[in-house]
Amino acid sequence: MNHNGSVAAPARRARGIVLLSSMLLGLAGLLFVMRRALFMAAPRCVAGQWHGCLDTFNGVVLVTLATVPLAVLLAWALARRRRAAGVAGAWRRSLAEVGMVHGTVPFVWLTMMPGAEPGVAPARVSLVPLRDLVVMGPLGIVGNLLVFASLGFFAPVRWAALASVPRVLALGAGCSVLVETAQYVLRLDRVSSVDDVLVNAAGAVLAGVASRRWWRGREERTPSDRDRPVLTPAA
């Protein structure tokens, strides 16, 4: 009788519960820290006003948090469909896919918002490391850390090929370079800064390290690899 399968199923279920609980605790902590800022943006967002809601950091974060139940419902529907089809790791895949999209798109949206004179002001580039970091301010640094944090957290959970810190770093930096290049090419009256790339990549790595215990590569080792004894040299 194979006891590995009967033991692995509860273990996977427990890991899924821990992952979901961690996400909910993180969400609750974010709500507590940003409660005042979110309350300031709430009236405009509820009224459906563009200015003051979807073009501000507070407003976009509020809308993102408000749509979390919808994202969870979508993940549940995807997981249920995959489980019916016999797909392994249905919940993990579904949560990772929905989580990385839901947590990344709003912040990329913010970075692509035009400045005061889009198409008129000349494109600007800042290639001196750490020069712009001192003028970002706490809110700017936190915002840049969050841009690709969801991608760094969920991508290695979803794809084993990304389950390493250097690859998560490369993913975050590459995506950030694409965004900064788009800002320059589209002349959005924003500064394409190397510091944005550095902080975006750092946010992806920190989030990736936080999800390391759930990385797909670790969970997909064969039973023989997990149970193989460690050989020690003879005395």
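Which of rounded, prolate, oblate describes region 95-153, given a ≥ b ≥ c as roots of the alpha-carbon gyration tensor eigenvalues and a/c under 1.5 marking rounded, otherwise prolate only if a/b is larger than b/c? Note, shape of region 95-153 comes out oblate. Ranked for footprinting exposure by Cβ neighbours inside 10 Å, fewest first, 97, 180, 117 give 117, 97, 180. The order of 70, 38, 151, 65, going from fewest to most other C-beta atoms within 10 Å of their C-beta, is 70, 65, 38, 151. Each residue of region 130-145 is assigned a 3J(HN,Hα), and the resulting list reads 6, 6, 7, 5, 6, 9, 5, x, x, 5, x, 5, 4, x, 5, 5 Hz, derived from the Karplus form 6.51 cos²θ - 1.76 cosθ + 1.60 (θ = phi - 60°), x at Gly and Pro. Ranked for footprinting exposure by Cβ neighbours inside 10 Å, fewest first, 102, 51 give 51, 102. The modelled label-to-label distance between residue 63 and residue 159, using points 7 Å beyond Cα along the C-beta direction, is 2.7 nm. The distance from the alpha carbon centre of region 93-156 to that of region 157-185 is 12 Å, rounded to a whole number.
Coordinate-derived values only; no laboratory data. This is a predicted model, so every value here is computed, not measured. Positions of Cβ are backbone-derived with ideal geometry, glycine not excepted, and every protein chain shown enters the neighbour counts.
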